[in-house]
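Inspection log for the structure reproduced underneath, given as structure tokens.
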Amino acid sequence: MLGDSLSGVRVVDFTQVAAGPVCTHTLADLGADVIKVEAPQGELGRALAPFVEGQSLAFLALNGNKRSVALDLKDPPQREAALQLAAGADVVVESFRPGVMQRLGLGYEDVRQRNPDVIYCSVSAYGQQSAWRHKPGVDGVLQAASGLMSVTGLPDAPPCKVQVPIVDMVTGYMAAIGVLGALARRARDGAGQWLDIGMFASAVALQESSFASFFADGVAPERIGSAAPYAAPNEAVRCADGWIMLAAYHPSRWEALCEVLACRELLSDPRFLDLPGRIAHRKELVALLEERMTLRPRSEWLQRFEAVDIICAPINDYAEAVASPAFTGADLAEMVRHPVAGDLTLPRTPLRAVGEVPRTRRPAPLVGEHTREVLLEAGVPLVGPHK
């Protein structure tokens, strides 16, 4: 099973909010024993709305399959306990601003002295060596700084971010991929290493093809809403009762689209003879398509398009998405029982082998829920209020 791939791997997690927790959550979903070290009052992500019975849903979603140890890292005995936990780990992941862990005596060199083959992953806004390394950053700020916000939204509208924390998510996944690569390297040659995963660099990587285009011609991309800058028609189009995302730019699919819409005259229209022409005259093209598509309901067009292999999908809201066969057929939600929040429906990890339905082994922990258990298990003396 994919869900036990990292069984036997211990991860000590000093992350908070989203990007770092996404990394450690991914490792936990793959079977790693993730020990979340957080302040006695809990990490910052526990304060993010919305809440169920006082529990942050964002925290609950990103911290399943982990155990929580509450330690005050400003208190020398508790800081030493954290260092001992890190010294016994395969992987340490932290997401403080560069320099913070070093000042606490928990940086890479501090841990490496006791654990030479440790894999130490630092997640930060701009990276450990960036000129901006001391700047704070959150998802929206990184969407702005990385150029992502400049290409999101409509041409004449104010700047618009991707509503979900996409930079947090991709940074967490990049960090998890880095850890998996480092584990494979260590299995080969026994060497640990210090990984530097920045949100800014991850956001740029998310736009890799767009930056490649910019480097080639020096032209910054513009905001064009739902449309793809490299193809047309490849955008949202209106029907009588809703919207469809339509991708019919391949020559055979473009021809099939004109056939289904009974507008074969567009095939010989000088504006639309080839892909560059359709891109250049996108506005006129979409208007002509919508003249026909607004005559019939979305469901009918979807059926007609799919019958001739035109790539398309309804533009669903969340209620429609979770009711769709794509969601239900893949078992993408599960019920998790939390001791305070009660029974919750949460997204299920997409990491799975064919035929496998992964299940959360444990809900997101309460603050310090496993402190005594973990310290005793690791042979670390009980400290502070845990004595």
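The values are calculated or read from the model by the stated rules, or taken from the named source; none is laboratory data. Remember, predicted model here, so these are calculated numbers, not experimental data. Quick reminder, even Gly has a Cβ in these numbers, built from the backbone with ideal geometry, and neighbours come from all protein chains shown. These accessible areas exclude ligands, DNA and RNA; they are computed on the full protein's heavy atoms, side chains included. Shrake-Rupley method; radii C 1.70, N 1.55, O 1.52, S 1.80 Å.
State the percentage of accessible surface on the chain attributable to carbon and sulfur atoms; use a 1.4 Å probe and exclude ligands, DNA and RNA. Heavy-atom surface of the chain belonging to carbon and sulfur, 1.4 Å probe: 58 percent.
On a per residue basis, the range 274-387 carries 60 Å² of accessible surface, using protein heavy atoms and a 1.4 Å probe.
In terms of accessible area, using a 1.4 Å probe and ignoring ligands and nucleic acids, SER95, SER5, SER56 rank largest first as SER5, SER95, SER56. Both numbers refer to the Cα atoms of the range 251-330; Rg and Dmax are 14.8, 45 Å. Rg of the Cα atoms in the range 75-150, relative to 2.2 N^0.38 Å, amounts to 1.29. As a length-normalised measure over Cα pairs under 8 Å and 6 or more apart, the relative contact order of the chain settles at 20 percent.
Converting phi to 3J(HN,Hα) with the Karplus coefficients 6.51, -1.76 and 1.60 and the offset θ = phi - 60°, the range 174-184 yields 4, 5, 5, 4, x, 4, 4, x, 5, 5, 5 Hz in sequence order, with x at every glycine or proline. Angle of helix 208-217 to the longest C-alpha principal axis of the chain, folded into 0 to 90 degrees and rounded to 10: 60°.
Rolling a 1.4 Å probe across the protein heavy atoms gives the range 173-240 an accessible surface of 54 Å² per residue. For the chain, a simple Cβ point-charge model (Lys and Arg +1, Asp and Glu -1, everything else neutral) yields a dipole of about 720 debye relative to the Cα centre. Separation of the alpha carbons by more than 25 angstrom is noted, of LYS36/LYS161; LYS161/LYS283; LYS74/LYS161, for LYS36/LYS161; LYS74/LYS161.
Couplings 3J(HN,Hα) for the range 118-127, derived from phi with the Karplus relation 6.51 cos²θ - 1.76 cosθ + 1.60 (θ = phi - 60°), are 5, 9, 10, 10, 9, 10, 8, 5, 10, x Hz, where x marks Gly and Pro.
Were the residues from GLU377 through VAL308 laid out at 0.36 nm apart, the gain over their Cα-Cα distance would be 18.8 nm. Taken along its three principal axes, the alpha carbon spread of the range 266-387 comes to 81, 29, 28 Å, from the longest extent down to the shortest.
Taking GluC sites (Glu not before Pro) in DSSP loop states with no more than 12 other Cβ atoms inside 10 Å as exposed sites, the chain has its longest site-free stretch at 54-221. Just name one of VAL308, VAL357, ALA321: the one whose Cα is farthest towards the positive end of the charge dipole of the range 218-368 (beta-carbon charges, Lys/Arg +1, Asp/Glu -1). Toward the positive end, the furthest listed residue is VAL357. What residue among LEU183, LEU57, LEU285 shows peak mean-square fluctuation when the chain is described by a Gaussian network model with Cα springs under 10 Å? Among LEU183, LEU57, LEU285, the largest mean-square fluctuation in the Gaussian network model of the chain belongs to LEU285.
For ARG359 and VAL52, the FRET efficiency from 1/(1 + (r/R0)^6), where r spans their Cβ atoms and R0 equals 25 Å, is about 0.75. Helix 251-260 axis versus longest C-alpha principal axis of the chain: approximately 60°, rounded to the nearest ten. Compared with the direct C-alpha span, the chain from ALA212 to ALA330 gains 39.0 nm at full extension, assuming 0.36 nm per residue. Of all the options VAL170, VAL237, VAL340, the one that moves most in a Gaussian network model of the chain with Cα springs shorter than 10 angstrom is VAL340.
Per-residue extension of 0.36 nm, minus the Cα-Cα distance of SER299 and GLU80, leaves a gain of 72.6 nm for this segment.
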